[in-house]
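The structure appears right after this line, and notes come after that.
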Amino acid sequence: MLSDFQRRWGISQWVAFLKDQEIPVLPGTRQKLAALREEKRDRIAPKELAAIVLEDPFLALKLLRRVEGHRSQTLSQETTTALGAVLQAGVDDLMRTVNNAVLANESLPGLHGCAIRNIVAARIARDWASMRADISAEEVTLATLLSESGELLLWHFAPELPQNAIDELNSGRALRTLQAQQQATGFSFKQMNLALVEAWALPQLITQLIRGFDTPRANIARIAGDTARHIITHPENPALPADLVNIKQIIHGVSIESLIAPLPISDDYKAQVLLAVAEDNYSKDFTGL
């Protein structure tokens, strides 16, 4: 429950509050790691741990901040992938980090939905980025997974705020998600996330990708995030043809069939989307869905 004082906070107060809070992990992450250690004992491959990290945006942020805080600024490069973070932390430290962490409350539909949206976005971004030989898919994957860390933390520490934004949108008082957030809180969650990224001093490359600089990597991360939001909003979202056209402009020489393959939608709707793209029969104005 927010205090009356907190209800009057602006973006700077929330950033100052959230940047030093202990980051939780998803309950399922602790279970997955325990099962993996029980099965593999001392034969756990770093890639197996990295795969688990990429299924928990909270843990990805927590681990990245931890290893970057311990990294020598003169002896090593910045950490820009989940695998790199796992290798720097080591199996035992990762296990301790997860076992000692506070658990996020997945019974909150908004928190669960936001986490799933980020995970889906990261999967799509990884598959799309791997279709360009000049891009590190793993860097794009991590940046995409962390792209809504601020909203996730709000769901954990102050769920009334993002819920108020959802209520504002559902009431019809706001027509777009961005407008709803600004009306409910006085700022957008994207603005808060960018401010937190700066406050946390995340690796420069990850920061640039999250900020959305106009580069192929940043655009892949952004479009993957939009696509995941559309799919989570509705598995047959009419915005998907435009998403496919947008990503096709970034990833040349790859068929629309290949680009749509990673999307977690039904085969029937994939066929409809392909037909819509082929016929150029879609609206490009889907901002804020």
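Observations
- Taking every alpha-carbon pair in segment 25-99 and binning the separations at 10 Å intervals from zero gives 19, 57, 21, 3 percent.
- Segments 173-179, 6-12 sorted - mean Cβ within 10 Å per residue, highest first: 173-179, 6-12
- Cα shape, segment 95-139, gyration tensor, a/c 1.5 rule: oblate
- Rel. contact order, % - alpha carbon contacts under 8 angstrom, at least six apart, the chain: 19 percent
- Seen from residue 12, the other residues with C-beta closer than 13 Å to its C-beta sum to a net charge of +1, counting Lys and Arg as +1 and Asp and Glu as -1.
- The count of lysine pairs in the chain that are at least 8 places apart or cross chains, and whose C-alpha atoms lie under 26 Å apart, stands at 13.
- Modelled spin labels at residue 204 and residue 87, positioned 7 Å past Cα toward Cβ, are 2.1 nm from each other.
- Of the peptides 141-151, 241-251, the order by per-residue mean of other Cβ atoms within 10 Å, starting with the highest, comes out as 141-151, 241-251.
- Kirkwood-based shape ratio for the chain, expressed as Rg/Rh from alpha carbons: 0.97
- Dividing the radius of gyration of the alpha carbons in segment 109-279 by their Kirkwood radius gives 0.98 for Rg/Rh.
- Sites residue 70 and residue 7 - FRET efficiency at Förster radius 22 Å, r taken between beta-carbons, to 0.05: 0.05
- Each Lys or Arg adds one and each Asp or Glu subtracts one; over the other residues with Cβ under 11 Å from the Cβ of residue 88, this totals -1.
- Screening the chain for DSSP H helices whose Cα atoms reach 27 Å or more along their own axis and whose mean Kyte hydropathy is at least 1.6 gives nothing.
- The modelled label-to-label distance between residue 280 and residue 170, using points 7 Å beyond Cα along the C-beta direction, is 4.0 nm.
- Segment 1-65 and segment 139-208 have Cα centres spaced 16 Å apart.
Every number in this text was worked out from the coordinates using simple rules, so none of it is lab data. Keep in mind it's a predicted model, so treat the numbers as computed, not measured. Please note: Cβ atoms are built from the backbone with ideal geometry, for glycine as well, and neighbour counts cover all protein chains shown.
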